[in-house]
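The next block holds one structure in the form of structure tokens; read it before the comments.
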Amino acid sequence: MRDRLFITTMLLPAVVLLVLFYGYPIFDNLRISFTDLSLLGMKKGGNWVGLANYRELLHRGDFSHILFNTLIWLTATSVLLRLLIGLGIAVLLNTRALKTLRLASVARFALLVPWATPPIVAVVIWRFLLERNGFVNDALMGLNIISQPIAFLADMRTVWPSIVTIMLWNTVPLIALSLLSNLQTVPEEYYEAAELDGATNWQMFRFVTLPFLMPAILVLGLMSVFWSFNNFVYVWLATGAGPGTFTNVLATEVYLKAFVDFRLGYSSAIGMVMAVVMGAFGILYLRLVAHRQLEETL
Amino acid sequence: MTATAPSRHWRDPGGWQFVLAVVLTIVTLFVLVYPAIYVLVGSFRPGGGLLSTAETFTIRNYVRIFQAGFGRFILNSVVICVAATVVSTVLSVMAAYVFSRFEFRAKRTLFTGILFGQVFPWIVLINPLFVAFAAMHLINSYVGMILTYTAFTIPFSVYMLVGYLVTVPKSLDEAAIIDGASRWQVIWLIICPVMLPGFVATATYAFLLSWTEYLFALAFLTQTDLKTLPLGLYQFFGDDYVDWGAVMAASVVTTLPVFLLFLPIQGWISPGRIAGAVK
């Protein structure tokens, strides 16, 4: 009985705070999404409008564009490239040649630099490098690849690849370091056995390394979906959803509709769409990650 | 020399493969590190280095940002983030201790719920929290931001701390309790000293998450004298003119504490565990 009182007292503050900041708001967001609440008229409150916000969202021409940006560019492209490049770097740093040259430990340290750089600063760095008279344009013109400087973040052809580059620079190191630590646990005998069977380099990678890393890749990929789909800062700080609204994504649309157009109701409806999509991934998270974390930790 | 007879082991390349691996590594190193160095160097040059002047070294960028009130943003960030880190760490240690030591009915459900906090779409909370904060006068307030960042960091901190605490044998607690110590004394006098590096690493990471948080600060802090560092950094981006010298100096000031705090703790924060905590 004394234990029970102790358990409750110890857990209560954290749990109450989490319920207030995660539990209550998600329900209130649902309620707001059924109203026409305005940021300028919060005192008088909003009127109940039923599903009007959701109907508007479906009939707006720009919503499918925003959805496409979010799913294809912000999420799918960045997640796939992040995993591919991260895997590439991990495999590269695990080669014995580099270990003998002591390059691997230097490279590990180098990975810490972008990883420790806060996203808000990573965007600053790349906005500077991608300036009209910045480093990237200078380098490309010096190599005669382009003849005119490109306004990378203002040109529709280059803006998304540029945003994805910023995201990758900032987040690939975490993936690479994770996979590298997994790679170092692959038993040496697996490779020796494969070599005896006459496996080629590619076959060893395909049938020994990759299956061994697969669980880690899946988990990192899934987590990566969460970080990317919900991410606000990369797009907002790199382009402000521009040029125009060309790079608008769900997260920036939630902010724009609420704090620029003052339409809290409509903005909350978009938020609910995001919550539903993430809820679907949440089930995967529960199965793949949370379940494992629970077993490992408790 | 193995270079003349390339090994068939893919992890042990010889000859041209060796050269390729080294070249690729050097290119990778360059792409990873050069951008950060470029900005560090640029922060000491007029106009960030984009201006063609003879002057190669100046601290004027730094002087200018502090004249423009950057000190105030630093102060705001320090107050908010230190307070949030302390509250969050204390509450997380309390919860994590219980999770690591006791069996109770709702344990798995509660812990799963806390794990979910790590992947929660925070952007969805902005509107309802803004409405609630406005009603409680917590917009443009230290208290509002401290509470927000406390809630923001608890899921990660609890998860990390439980991981450390389960490695401390329960027999340690039990022996002390038989000797007449209370649970509080056990936590304070036995667990804390043993797990101090883990606690410090967790608290430091929680601090860094708050230090660089942008979205909530943007929505909840509109008054200039209350703004935090990330907002202050972006105020140097004008609508049609960017003061690159100031932006870079401000970036260095924002990032320096992050590097100084992150390097000593990164051994404690394995990438695998942290995968859940990156927003």
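Six or more apart or on different chains, Cβ under 6 Å: which pairs go from a residue in the stretch A:264-292 that's in a helix (DSSP H, G or I) to one that's surrounded by 19 or more Cβ atoms within 10 Å (Cβ to Cβ) and among the hydroxyl-bearing types (S, T, Y)? Could you list them?
Listed by first residue and then by second, the contacts come to A:G265/A:T35; A:S268/A:S33; A:A269/A:S33; A:M272/A:S33.
Looking for whichever is aromatic (F, W, Y) and open to solvent by less than 10 Å² (accessible area, probe 1.4 Å) here; the options are B:F216, B:F199. Which one fits?
B:F216
Take the stretch A:213-253 and flag every residue that is hydrophobic (A, V, I, L, M, F, W, C) and assigned to a loop (DSSP other than H, G, I, E, B).
A:F232, A:A241, A:F246, A:V249
Quick check on this structure: which one of A:I32, A:I7 is in contact (Cβ under 8 Å) with a residue 60 or more places away in the chain, facing chain B (nearest Cβ under 8 Å) and in a helix (DSSP H, G or I)?
After ruling out the rest, the residue left standing is A:I32.
Return yes or no: is B:V119 touching an Asp or Glu at 6+ places or on another chain (Cβ under 9 Å), within 23 Å of A:A251 (Cα to Cα) and facing chain A (nearest Cβ under 7 Å)? Break it down into steps so the answer makes sense when it comes.
Working: touching an Asp or Glu at 6+ places or on another chain (Cβ under 9 Å): no; within 23 Å of A:A251 (Cα to Cα): yes; facing chain A (nearest Cβ under 7 Å): yes.
In short, no.
Hey, can you tell me all the residues within the stretch B:122-154 that are more than 20 Å from the chain's Cα centre (by Cα), open to solvent by 10 Å² or more (accessible area, probe 1.4 Å) and within 10 Å of chain A (Cβ to nearest Cβ)?
B:F130, B:V131, B:A132, B:A134, B:A135 - these are the residues of the stretch B:122-154 that are more than 20 Å from the chain's Cα centre (by Cα), open to solvent by 10 Å² or more (accessible area, probe 1.4 Å) and within 10 Å of chain A (Cβ to nearest Cβ).
Looking at A:N47, A:N29, which one is polar (S, T, N, Q), surrounded by fewer than 15 Cβ atoms within 10 Å (Cβ to Cβ) and either out of contact with any strand residue (DSSP E or B) (no Cβ under 6 Å at 6 or more places or on another chain) or within 15 Å of A:G265 (Cβ to Cβ) (or both)?
On inspection, the qualifying residue turns out to be A:N47.
For the stretch A:126-150, give me each residue that is within 13 Å of chain B (Cβ to nearest Cβ) and either on the phi > 0 side of the Ramachandran plot or in contact (Cβ under 8 Å) with a residue 12 or more places away in the chain (or both).
Step one: of the stretch A:126-150, the residues within 13 Å of chain B (Cβ to nearest Cβ) are A:126-139, A:149.
Scanning the stretch A:126-150 gives A:W126, A:R127, A:L130, A:R132, A:N133, A:V136, A:N137, A:P149.
If you take the residues in the stretch A:182-199 that are surrounded by 14 or more Cβ atoms within 10 Å (Cβ to Cβ) and not β-branched (V, I, T), which one is farthest from the other protein chains (Cβ to nearest Cβ)? Outline the logic, then answer.
Step one: of the stretch A:182-199, the residues surrounded by 14 or more Cβ atoms within 10 Å (Cβ to Cβ) are A:182-183, A:186, A:190-191, A:194-195, A:199.
With not β-branched (V, I, T) added as a condition, the list becomes A:182-183, A:190-191, A:194-195, A:199.
Working: A:N182: 8, A:L183: 9, A:Y190: 11, A:Y191: 7, A:A194: 9, A:E195: 6, A:A199: 9 Å.
By that ranking, first place goes to A:Y190.
Have a look at A:R96, A:R82, A:R60 and point out the one that is open to solvent by 80 Å² or more (accessible area, probe 1.4 Å) and not polar (S, T, N, Q).
A:R96
Within the stretch A:273-282, does at least one residue satisfy the condition of being open to solvent by 10 Å² or more (accessible area, probe 1.4 Å), closer than 15 Å to A:I66 by Cα and out of contact with any Gly (no Cβ under 6 Å at 6 or more places or on another chain)?
The answer is yes, given that some residue of the stretch A:273-282 is open to solvent by 10 Å² or more (accessible area, probe 1.4 Å), closer than 15 Å to A:I66 by Cα and out of contact with any Gly (no Cβ under 6 Å at 6 or more places or on another chain).
How about the stretch B:108-119: which of its residues are without any contact (Cβ under 8 Å) to a residue 12 or more places away in the chain and within 17 Å of A:L17 (Cα to Cα)?
Residues satisfying the conditions are B:T109, B:L110, B:T112, B:G113.
Within the stretch B:95-107, track down each residue that is free of Cβ contacts under 8 Å to residues at least 24 places away in the same chain, in a helix (DSSP H, G or I) and within 7 Å of another protein chain (Cβ to nearest Cβ).
Answer for the stretch B:95-107, where residues must be free of Cβ contacts under 8 Å to residues at least 24 places away in the same chain, in a helix (DSSP H, G or I) and within 7 Å of another protein chain (Cβ to nearest Cβ): just B:V98.
Of the residues that make up the stretch A:143-151, is at least one open to solvent by less than 60 Å² (accessible area, probe 1.4 Å), over 18 Å from B:V33 (Cβ atoms) and over 29 Å from the mean Cα position of the chain (by Cα)?
Yes, the stretch A:143-151 has at least one match.
The values are calculated or read from the model by the stated rules, or taken from the named source; none is laboratory data. Every value quoted in this text rests on a predicted model; they were computed, and no experiment measured them. No Cβ is skipped: glycine too gets one built from the backbone with ideal geometry, and neighbour counts run over all protein chains shown. Note: accessible area is taken over every heavy atom of the protein model, side chains too, but ligands, DNA and RNA are not part of it. Shrake-Rupley method; radii C 1.70, N 1.55, O 1.52, S 1.80 Å.
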